[in-house]
Amino acid sequence: MHELAWFDEVLLAKGQEGHGPDGGATGSVRRFIQQDVSGWYVTGHRRIRLLLTDPRLTSARTAASADLRARCPEMFGGGGTSGRRASLIELDGPAHTRLRTTLGRAITPRVLLRLRARSQDEADRLLSGFAKRGSVELVSEYVRPLAVATTMELLGVPLKDHERLTTHVLDGALTGPEREAHLAELQGYFAALVAVKRAGEGDGVGHGDTDLLRNLAASRTGDDPLTDDEICDVAQLLLIAGTYTLPALTAGAVWQLLADEELGARLAAAPTTAPCPDVATVVDELLRRTSVGEDAVVRFAAEDLEIDGVAVAAGDLVLLDLAAADHDPAVFDEPARLCPRRAPNPHLAFGQGLHYCLGAGLVRTQLTVALGALLDRCGSLRPVAGDGAVTWRHQGNGAWPTRLEVTFVER
Ligand code: HEM
């Protein structure tokens, strides 16, 4: 079966769960057991939207039942018994507010503007190198370097260090001691860099505004500034989001455009003003359709509660499947179709509530620049024929191209 068709089939089946033949609700929560871990799996859009802001569910790993933490200390022990520090996504309450506020202050509209300009320059530079080539492999030659350059700029990390930092992120598959060793190496790298930034030494990187690590090191949240360890944790989180999730999303979005011949042709024919207005319009629909996340976002019941009449006990794991929610036919007509002018488009790609993605503005900007520049410069975009021209990665609900060789004919 075609990769995208497989992915659609899974998502659509999940999106339809919770709806009877007449479209009425039949309950959108079910029990799952996977590799010794059990919990509740929620799929319906309306239900998930409510649960994302329901205080009876928490992201704090400390709320996981003792049984879950014992079975899976790696996943559910953060901030609890494992000795591993909880990341921002795994915290709630004042600890979350403190970290999120400091980070949120550092990713300002001004930072986004600078990153947009940097990213546009980089996109133009990369595309100029493709002239007269005939074909290019878009993931390694365009999508990934573009995302890496922007992320390094955001963090204030020298571009020359990116391979050392992103090897395991791009492989995405290191496990056990190898993974631990790499994470320790990353932590060591960021600790040394933060020390340089704290000392105020010129490292020739970042443009004041966009040097996030320098700004975090300099920031003061009341009398409780972020520690170096906390800054390093944030750096790792953003490194993964920017050099793994972002290129995956962009590659998936390019594929969606290629797969939709009519849309691809229409966008390619659009006037060549930058940023391409049609691309900006279609970005939210691409976000709805392109799933690159884990299986679902993780929550724990902070108290006993009922979800759609099902009793959920305090400490239970509750997985909210955002991609399935974004393919729920009760909310999105023809969910498998990419509708560039879909409005309203209440997709949940970035979550909702207190943990709403802090990178959402950056991601929208990046997609707009990456796709706009590509379509502005390229007169024809088609996958080249032949085995191996397009390869895929599957992860949880997501599927995205890891190799995408296309024709490149400059306008
Ligand atoms: C590229 C596609 C991306 C998608 C689809 C995405 C999606 C999400 C989602 C669904 C959450 C909420 C998780 C939860 O509720 O537990 C989240 C949180 C977060 N995202 Fe993203 N993200 C993306 C990229 C990025 C990027 C590029 C950055 C930053 C450079 C970023 C920074 C964050 C942070 C810091 C949080 C945690 C917010 C908090 O816990 O308060 N994300 N993201």
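No value in this document is a laboratory result; all are computed from the given coordinates. Note that the structure is a prediction, hence the values are computed from the model and not measured. Here the Cβ positions follow ideal geometry from the backbone for every residue, glycine too, while neighbour counts run over all protein chains shown.
Worth pointing out:
- The trypsin sites (Lys or Arg not before Pro) found in region 83-182 that occupy coil by DSSP, while having at most 14 further C-beta atoms within 10 Å, are Arg85, Lys132, Arg133.
- Descending principal axes extents, region 298-403, alpha-carbon based, whole Å: 57, 32, 28
- Translational D in µm²/s for region 351-411 (Stokes-Einstein at 37 °C, 0.692 mPa s, Kirkwood Rh from C-alpha pairs): 230 µm²/s
- By the count of other C-beta atoms within 10 Å, a proxy for reagent exposure, His327, His182, His162 are ordered fewest to most as His182, His162, His327.
- Neighbour-count order for Trp392, Trp40, Trp400, fewest beta carbons within 10 angstrom listed first: Trp392, Trp40, Trp400
- Sequence of Thr407, Thr151 once ranked by neighbouring C-beta atoms within 10 Å, starting from the fewest: Thr407, Thr151
- Segment Arg179-Asp36, extension gain: residue separation times 0.36 nm, minus the distance between their alpha carbons: 49.3 nm
- Each of the peptides 193-200, 46-53 was scored by the mean count of other Cβ atoms within 10 Å over its residues; in descending order, highest first, they stand as 46-53, 193-200.
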